[in-house]
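Note sheet for the following structure.
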Amino acid sequence: MPPTKRVSLTQYLVEQQREHGHIPSQLRLLLEIVARACKTIAISVNKGALGEVLGSADTENVQGEVQKKLDVISNEVLIEANEWGGHLAAMASEEMDSIHVVPHRYPQGEYLLLFDPLDGSSNIDVNVSIGTIFSVLRKVGHHRGVSEEDFLQPGRAQAAAGYCVYGPQTTLVLTVGTGVAMFTLDRETGSWVLTANEVTIPADTKEFAINMSNLRHWAAPVRRYIDECLAGKEGPRGKDFNMRWVASMVADVHRILTRGGIFMYPWDQREPDKPGKLRLMYEANPMAFLVEQAGGLATNGRQRILDIVPTKLHERVSVMLGSKNEVQRVTEYHQAAD
């Protein structure tokens, strides 16, 4: 739903705090700092080759993936922007082995911040949309200090989540548990402006997003679902489907939040001991929170993603999210196969 007046991110958050009592002041300030960091990352992304930020950093992250220069830059931007504000106890990133505890020289807050600093790294050098994903948890332990264990909360415990997509427009998408709002960066004023509120995902869709090159590796329930989509009007679904795949979760989920669809990154036989490719804490949980707040569903094929209790910081998970009726269907196929 487009807003009827020009509303800034700050005004939106203040209203969520003051008028609705949905968020504490510390969370509001934290989200503003994250949004400010995303503006800084957007500048580096937009400079591209002119800023000498393209290409590999010749290093690997904890996942064993080769890091891009912008991966490292974005990670540093988010840490430096957030560690001094007094709102956080610690941070965790897909690009770091362990947590980053707020240094003792700064006041320590009650929140935990998790992020994928630059999702879709393979698209950086070819100028395709990429983004930043973030999740906020409350530190629930009363002990002094902070450890990885404090982060191991199910996704339903998130206080806020969102992402910023760096595309033709720079768009910030946010939920604090009261629906989904979208903000577009006005480059002339440097402010985030509310451009969509009460975002809703259609329950039905004719679009699916999946990496079809892995078809031969999928489990039977996923193959069954995709085969039915490909059969079109003559098949059991009685309608034609289109496939979309950007290979950037932020871009694919943004399309689904905008016009519906289903995004799938399932388990496959290439690495049978891993439950999936995507990270539960940095990618699946925040995106599942957003999708559910917009009326969609998000499962790992068998259970709600937000109900999964993580056992380690970099845990992976199978992901199916988007339009409610489609996600329900493929989930039922998995449950029937079990």
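The values are calculated or read from the model by the stated rules, or taken from the named source; none is laboratory data. Quick caveat, the model's predicted, so the values are computed rather than measured. As a convention, Cβ positions derive from the backbone with ideal geometry for all residues, glycine included, and neighbour counts pool all protein chains shown.
Side notes on the structure shown:
- The residues in region 227-240 that are surrounded by 13 or more Cβ atoms within 10 Å (Cβ to Cβ) and either touching a residue at least 24 places away in the same chain (Cβ under 8 Å) or outside any helix (DSSP H, G or I) (or both) can be counted, and the count is 3.
- Condition check for G145: on the phi > 0 side of the Ramachandran plot and at pLDDT below 95: yes
- The residue pairs whose first member lies in region 248-260 and is assigned by TED's automatic domain parsing to the domain that holds K277 and crowded, with 23+ Cβ neighbours inside 10 Å, whose second member is among the polar types (S, T, N, Q) and assigned to a helix (DSSP H, G or I), and whose beta carbons are closer than 6 Å, counting only pairs six or more residues apart or on different chains, are S248/N123.
- Residue match in region 165-181 (condition: among the β-branched types (V, I, T), surrounded by 23 or more Cβ atoms within 10 Å (Cβ to Cβ) and not in a strand (DSSP E or B)): yes
- Residue match in region 290-302 (condition: farther than 16 Å from I133 by Cα, without any contact (Cβ under 8 Å) to a residue 60 or more places away in the chain, surrounded by fewer than 21 Cβ atoms within 10 Å (Cβ to Cβ) and not hydrophobic (A, V, I, L, M, F, W, C)): yes
- Test: residue in region 206-213 that is more than 25 Å from Y12 (Cα to Cα), surrounded by fewer than 18 Cβ atoms within 10 Å (Cβ to Cβ) and in contact with a helix residue (DSSP H, G or I) (Cβ under 7 Å, 6 or more places away or on another chain): no
- For region 316-330, a tally of residues being surrounded by fewer than 16 Cβ atoms within 10 Å (Cβ to Cβ) and in a loop (DSSP other than H, G, I, E, B) returns 0.
- Reported count of residues in region 98-135, each being at pLDDT below 90 and in contact with a Gly (Cβ under 6 Å, 6 or more places away or on another chain), is 1.
- Candidates D204, D125 - the one that is in a loop (DSSP other than H, G, I, E, B) and either touching a residue at least 60 places away in the same chain (Cβ under 8 Å) or under 20 Å from Y265 (Cβ atoms) (or both): D204
- Within region 324-338, none of the residues are within 30 Å of D97 (Cβ to Cβ) and among the hydrophobic types (A, V, I, L, M, F, W, C).
- Every test in (1) buried (at least 19 other Cβ atoms within 10 Å of the Cβ); (2) in a strand (DSSP E or B); (3) out of contact with any Lys or Arg (no Cβ under 6 Å at 6 or more places or on another chain); (4) modelled with pLDDT of 95 or more is passed by T195 save one, and that test is (1).
- Pairs are defined by a Cβ separation below 6 Å, a sequence spacing of at least 6 or placement on different chains, a first member in region 263-276 that is assigned by TED's automatic domain parsing to the domain that holds H314, and a second member that is among the aliphatic types (A, V, I, L, M) and part of a loop (DSSP other than H, G, I, E, B); the pairs so defined are M264/I210.
- Taking the listed residues R279, R187, the one that is within 28 Å of K39 (Cβ to Cβ), in contact with a His (Cβ under 7 Å, 6 or more places away or on another chain) and among the charged types (D, E, K, R) is R279, with no other qualifying.
- Selected residue [on the phi > 0 side of the Ramachandran plot, at pLDDT 95 or above and under 16 Å from the mean Cα position of the chain (by Cα)] from G179, G155: G179
- For region 308-315, the criterion of a residue being part of a loop (DSSP other than H, G, I, E, B), touching a Phe, Trp or Tyr at 6+ places or on another chain (Cβ under 7 Å), surrounded by fewer than 23 Cβ atoms within 10 Å (Cβ to Cβ) and hydrophobic (A, V, I, L, M, F, W, C) is satisfied by at least one position.
- Qualifying residue in region 147-156 (condition: aliphatic (A, V, I, L, M) and outside any loop (DSSP other than H, G, I, E, B)): no
- If you go through region 303-338 and keep only what is aliphatic (A, V, I, L, M) and touching a residue at least 60 places away in the same chain (Cβ under 8 Å), you end up with I305, L306, I308, V309, L313, L321, V327, V330, A336, A337.
- When the test is whether a residue is surrounded by fewer than 22 Cβ atoms within 10 Å (Cβ to Cβ) and touching a residue at least 40 places away in the same chain (Cβ under 8 Å), D150 passes it.
- The one condition from (1) farther than 18 Å from L278 by Cα; (2) aromatic (F, W, Y); (3) within 17 Å of the chain's Cα centre (by Cα) that Y163 does not meet is (1).
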